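Remarks on the structure that follows.
The values are calculated or read from the model by the stated rules, or taken from the named source; none is laboratory data. Quick caveat, the model's predicted, so the values are computed rather than measured. Here the Cβ is made from the backbone with ideal geometry for all residues, glycine too, and neighbour counts use every protein chain on show.
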Amino acid sequence: MSADWFGKVIRMHTKDGFRDLGRIVHVGRDQPYAYWIPLPEGRPGKPEASRAKVFHIRAPQRWRKADLEATLADSSAQYTLVNFTEPRAWRYTDDELRRGHAHADLGEKHRRDTSGWLKKREEQKAWIEPITSQLTSYELLELGRLTEEVRARAQTLGHSSSTKVARALRLHLLGCGHPNALLPGWGECGCPGEEKFPLRKCGPRPRRVKRKHSTQLGLVGTKTSRRHLVDGWRRYKRPGTSEYKAYLLTCKEYWPGSTEERDANGKRYLLAAPENRPTYGEFRSAGKRQRLNATAANMSDRVHKLTARALRGKFDDRLVALGQLGLIDSTSEDQTPVSSISRLNVVSSTWRTIVMEGKVGYILGLHSGFELPSTMTSLLAIHNAGCDKVAFCAEWGVSIEKDEWYSLTCKRIRADHGELKSERGITTLNQVECTAEFVHSYGADHKGPVEAGHHSMHRRADHDAAGSTRGQRQERGEPRPERSACRTHRENMPFVIRSILFHNNEEPVPHLLTMDMRRDGVKPTRKAIFEWYVRNGYVASEPWNMALLRTRCLPRLSARIYRDGIHLVDPLDTHRPARLIPQLRYTSEWLIRSGLLERAGRGVLECEVMLDPNRLSRCYFDHSGALHELERRTSDPRANEVTLYEHLIVAEDDRDAVDGMKARLEETEAGIVADHRGVNSKAKAAKREEQEKAGKKRSGSGPRQKRANRKVELQRSGLAALGLDPDGAGSKGAKPEGPDRSSDCGGGPEYQADLSDYLASQWRTHE
Amino acid sequence: MRISERIELERRYSKEVGAKHVVIDGTQFPGELTTNLDWLCPLRSELQQLLCPRRLQDYAAHLMRHATNETLAGAKTMATELSGVPKELADNYFRAAAWLSLIDIDLSRPVVFSLPLRRDFARLKERLSKELLGAAP
């Protein structure tokens with residue numbers, strides 16, 4: 001056991017803590033002793049030690065090994081052996097000592113003259129070199145040659161006493177042969193963590209002294225003055241208050257103007273004279289010494305701690321397989337889209353939500369639309385991550401193969417402390433066996449790749465589009481992006497998809513390659529790496545119930561079932577019953593056969609459908625335990641190219657247009673009604689007059705009479721069409737060919753019937 | 001603060017009743033173990049609907065038989081073929097078998113399919129049981 005004692009420190013435990021007695025510098029081979037040298041007093045815990053005590057190294061002492069072993073073995077004993085902690089300066093190389101700073105200091109400034117330390121070390125080394133090069137601690141301590149050798153060397157050097165050589169040799173022994181043990185250790189003066197208080201004013205002379213306007217150098221810092229400065233810093237440095245203002249307020253409180261001194265107006269000075277109060281630099285230094293940070297004060301301590309905290313590692317340090325963790329985040333697109341209906345109508349910026357696989361950074365899902373980030377958009381993006389991408393891209397006019405964009409639903413989804421954190425979001429993810437994780441505020445490093453990836457996506461997908469904001473505010477003199485905006489969201493989407501395909505399939509990512517991948521010759525792209533992981537089984541379990549995911553992820557809209565299909569209710573209409581969205585009618589063969597449409601004929605049925613706001617072509621209807629896909633029925637071939645948001649805008653515009661026409665319509669209808677009433681009254685008067693002329697009431701309203709009258713009316717209209725006078729008062733055109741029996745019949749009903757038949761036959765012949 | 005108070009109360013209570021008191025804060029478990037468990041943990045629906053218990057037992061037995069001579073990837077392939085597991089579910093069976101301890105695999109180290117199976121011989125469980133419960137399982 002005693003073999004391990006060399007170099008250890010003997011620690012004595014007391015009620016108040018502990019005290020390090022000394023260091024074992026030799027364990028006897030022939031002698032039953034362990035030799036130790038007491039540590040110089042004034043080491044940590046002894047700030048009051050005199051300078052002489054700090055300098056003095058006492059002679060080696062011995063402790064019987066058996067006693068020491070027994071003392072250490074006794075559990076109630078007060079002594080233990082601990083490892084020696086080297087002073088920081090001992091780790092410096094000679095070059096670092098010459099330069100005055102070490103790489104290990106990490107730029108920390110000090111005013112120590114370490115090159116002077118080096119000289120001192122070399123001087124002491126030269127004194128004891130002949131002894132240490134020939135004799136070891138065995139000869140010096142165990143054989144007792146220490147005193148004799150020291151005296152001889154001192155004489156050789158011509159020293160008046162052997163004190164210097166003895167101290168150097170003891171220091172060498174205390175360092176157990178460490179090359180830097182002979183460094184003077186001036187950096188160890190005082191105690192670690194203890195502030196030093198100068199006895200006179202340090203630093204360069206103030207300008208007023210240099211210019212001989214004053215002889216006073218300034219206030220010498222004391223413990224009290226520094227405490228006042230720190231108190232003032234803590235009290236007055238607040239967000240919105242600069243350090244300088246805090247300094248002035250501190251001076252006003254702790255170093256106010258003297259009551260005797262007055263200005264020209266007899267008013268007392270607020271602050272003491274500059275030479276009687278601390279400087280602004282001292283105020284800042286006092287704050288820094290207590291680790292008080294102006295930035296932290298401005299940001300609030302909590303926020304500063306969160307933003308400036310040490311990172312425990314990268315977020316993917318604990319990921320070994322694909323699908324273990326998905327990252328989701330939303331960003332506004334740097335585009336200024338215009339409406340699909342008219343390019344003159346500028347629409348507010350669209351939002352993009354991305355689901356990224358954590359291990360490889362492969363983008364799995366996308367949702368882009370006019371909807372602001374919400375639980376719905378996040379769920380739609382998660383849904384998209386598990387969907388077939390070939391169909392999805394085809395809808396936006398991009399043709400891809402299946403292996404160009406893989407689908408995967410991650411087991412855990414890590415999101416911001418925002419949109420997905422709602423009861424609906426958490427419940428939905430739990431139901432599809434996904435775990436939701438939320439990153440605390442200012443914790444963007446927990447989902448670094450997706451946060452950092454936004455910029456490159458914006459650069460590729462958005463910044464070259466006409467009307468792009470380029471992710472920056474409008475500068476002075478720059479035209480507004482709205483003026484040059486001319487592209488619709490549908491026109492922008494293919495570029496978003498292409499930039500994702502570039503990110504997934506082409507962007508080189510050699511840092512993601514493992515040794516096994518390199519052995520297998522995997523290309524350094526996310527696609528190739530993704531495929532390798534899948535091929536080799538490094539995949540986590542994937543939620544596989546996509547129908548369930550769809551039912552939970554897609555937003556639910558109220559709808560009504562009519563006999564011709566399902567009509568969607570306008571979600572923006574607050575009236576009850578809410579109006580329907582025009583031209584959004586969905587049906588399917590299943591719906592027709594289900595009998596629901598017949599039931600709807602007897603009374604409208606209220607229901608809910610699930611609709612992707614970006615895909616109006618189909619919706620999903622959950623009925624009788626299954627999810628049914630319904631297709632939109634419309635005669636407009638381009639009706640499905642708009643999003644729900646745009647469709648609602650169009651419907652609103654249509655309603656506005658109708659509102660503008662309403663006054664004119666009412667005017668016209670009122671005119672018609674009024675004219676009817678005028679004509680009615682005239683006709684009634686004429687009828688009364690005719691009845692009065694006839695003398696008796698005619699029975700002209702029976703069925704037979706009505707038919708006869710109809711014939712007469714037909715003949716009359718026929719004659720009028722031919723330009724003849726139906727009343728026989730005179731022809732306005734050529735007479736018709738055929739028998740002229742008008743003189744026989746005198747224009748009676750029989751004649752008119754014959755004429756009608758004749759005309760009909762003529763028209764048929766002509767046709 | 002309240003958590004510290006509660007832990008202290010629990011410690012005192014445990015001392016009074018003579019029970020072992022251990023504060024489990026995650027440091028007792030190797031980081032690689034939690035990572036692997038996170039990866040291998042099967043979904044509830046997988047265990048209930050997708051995987052056949054008897055086939056899972058067969059799969060694990062075949063895998064352990066071939067794991068001594070082959071790499072883990074090779075043993076997986078052999079076990080999949082011999083136990084009649086559909087190829088598309090091979091990874092699901094492996095994860096479930098490892099999670100349910102049907103395979104003797106050391107989860108305190110990375111699972112590398114290109115190397116032979118690193119066996120644990122229940123050492124990890126034993127150590128954790130001793131540390132946390134004070135007795136071997």
request  = Mind listing whichever residues of the stretch B:1-30 are in contact (Cβ under 8 Å) with a residue 12 or more places away in the chain and among the β-branched types (Val, Ile, Thr)?
outcome  = B:7, B:22, B:23, B:24
query = So which of B:120, B:91 is among the charged types (D, E, K, R), in a loop (DSSP other than H, G, I, E, B) and at pLDDT 85 or above?
reply = B:120
ask   = Of the residues that make up the stretch B:17-40, is at least one among the charged types (D, E, K, R), modelled with pLDDT under 90 and farther than 30 Å from residue B:4 by Cα?
value = no
ask   = For the stretch A:459-516, which residues satisfy the criterion of being within 30 Å of residue B:73 (Cα to Cα) and not in a helix (DSSP H, G or I)?
value = A:506, A:507, A:508, A:509, A:513, A:514
inquiry  = I'm checking my understanding of the structure. Among residues of the stretch A:522-554 that are β-branched (Val, Ile, Thr), in a helix (DSSP H, G or I) and within 22 Å of residue A:511 (Cβ to Cβ), which one is nearest to the other protein chains (Cβ to nearest Cβ)?
reply    = A:534
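Residue by residue, here is whether (1) touching a Leu at 6+ places or on another chain (Cβ under 6 Å); (2) over 30 Å from residue A:13 (Cβ atoms); (3) exposed (fewer than 12 other Cβ atoms within 10 Å of the Cβ) holds:
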site: A:83; (1), (2), (3): no, no, yes
site: A:96; (1), (2), (3): no, yes, no
site: A:99; (1), (2), (3): no, yes, no
site: A:109; (1), (2), (3): no, yes, yes
site: A:117; (1), (2), (3): yes, yes, no
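Tell me the residue from A:239, A:274, A:278 that is exposed (fewer than 12 other Cβ atoms within 10 Å of the Cβ) and either in contact with a Cys (Cβ under 9 Å, 6 or more places away or on another chain) or touching a residue at least 40 places away in the same chain (Cβ under 8 Å) (or both), please. It would help to see each step written out before you state the result.
On the way: A:274 fails: exposed (fewer than 12 other Cβ atoms within 10 Å of the Cβ); A:278 fails: exposed (fewer than 12 other Cβ atoms within 10 Å of the Cβ).
From the options A:239, A:274, A:278, the qualifying one is A:239.
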query = Do the conditions hold for residue A:458, that is, is it within 29 Å of residue A:524 (Cα to Cα) and crowded, with 16+ Cβ neighbours inside 10 Å?
reply = yes
query = Quick check: anything in the stretch A:342-351 within 30 Å of residue A:534 (Cα to Cα), at pLDDT 90 or above and under 17 Å from the mean Cα position of the chain (by Cα)?
reply = no
inquiry  = Considering only residues that are within 11 Å of chain A (Cβ to nearest Cβ) and in contact with a Ser or Thr (Cβ under 9 Å, 6 or more places away or on another chain), which ones fall in the stretch B:108-123?
reply    = B:110, B:112, B:113, B:114, B:115
The listed residue being over 30 Å from residue B:72 (Cα atoms), touching a Phe, Trp or Tyr at 6+ places or on another chain (Cβ under 6 Å) and of a type outside the set (Phe, Trp, Tyr), out of A:566, A:581, A:561 = A:566
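Here are some residues: A:302, A:291. Which one is at positive phi and away from chain B (no Cβ under 14 Å)?
A:291
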ask   = In the stretch B:1-29, how many residues are within 14 Å of another protein chain (Cβ to nearest Cβ), surrounded by 10 or more Cβ atoms within 10 Å (Cβ to Cβ) and β-branched (Val, Ile, Thr)?
value = 0
ask   = Does residue A:185 satisfy the condition of being at pLDDT below 90, surrounded by 19 or more Cβ atoms within 10 Å (Cβ to Cβ) and on the phi > 0 side of the Ramachandran plot?
value = yes
ask   = Which of the residues spanning the stretch A:574-603 are closer than 13 Å to residue A:564 by Cβ and loosely packed, with under 14 Cβ neighbours inside 10 Å?
value = A:592, A:598, A:601
ask   = If you check every pair at least six apart or on different chains, which have Cβ atoms under 7 Å apart with a residue in the stretch B:84-101 that is within 11 Å of chain A (Cβ to nearest Cβ) first and a residue that is among the charged types (D, E, K, R) second?
value = B:90/B:76; B:92/B:46; B:94/B:76; B:96/B:46
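Within the stretch A:56-81, count every residue that is free of Cβ contacts under 8 Å to residues at least 24 places away in the same chain and surrounded by 13 or more Cβ atoms within 10 Å (Cβ to Cβ).
Of the residues in the stretch A:56-81, the ones free of Cβ contacts under 8 Å to residues at least 24 places away in the same chain are A:67, A:70-77.
Still in the running and surrounded by 13 or more Cβ atoms within 10 Å (Cβ to Cβ): A:71-72.
Count: 2.
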message = I want to confirm something. Restricting to the stretch A:317-341 and keeping residues that are among the small types (Gly, Ala, Ser) and within 23 Å of the chain's Cα centre (by Cα), which single residue is nearest to the other protein chains (Cβ to nearest Cβ)?
response = A:323
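Among the candidates A:372, A:364, single out the residue that is without any contact (Cβ under 8 Å) to a residue 60 or more places away in the chain and part of a loop (DSSP other than H, G, I, E, B).
A:372
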note = Selection from the stretch A:399-412 of residues more than 14 Å from every other protein chain (Cβ to nearest Cβ) and buried (at least 20 other Cβ atoms within 10 Å of the Cβ) yields A:405
request  = Of all residues in the stretch B:78-108, count the ones that are out of contact with any helix residue (DSSP H, G or I) (no Cβ under 6 Å at 6 or more places or on another chain) and either surrounded by fewer than 17 Cβ atoms within 10 Å (Cβ to Cβ) or farther than 24 Å from residue B:45 by Cα (or both).
outcome  = 9
remark   = Considering residues that are crowded, with 18+ Cβ neighbours inside 10 Å, at pLDDT below 90 and more than 14 Å from every other protein chain (Cβ to nearest Cβ), the number found within the stretch A:422-438 is 2
request  = Name the single residue, out of those in the stretch A:415-428 being within 20 Å of the chain's Cα centre (by Cα) and in a helix (DSSP H, G or I), that is farthest from residue A:378 (Cα to Cα).
outcome  = A:426
Looking only at the stretch B:30-83, and only at residues there that are within 12 Å of chain A (Cβ to nearest Cβ) and outside any helix (DSSP H, G or I), the one that is farthest from residue B:124 (Cα to Cα) = B:51
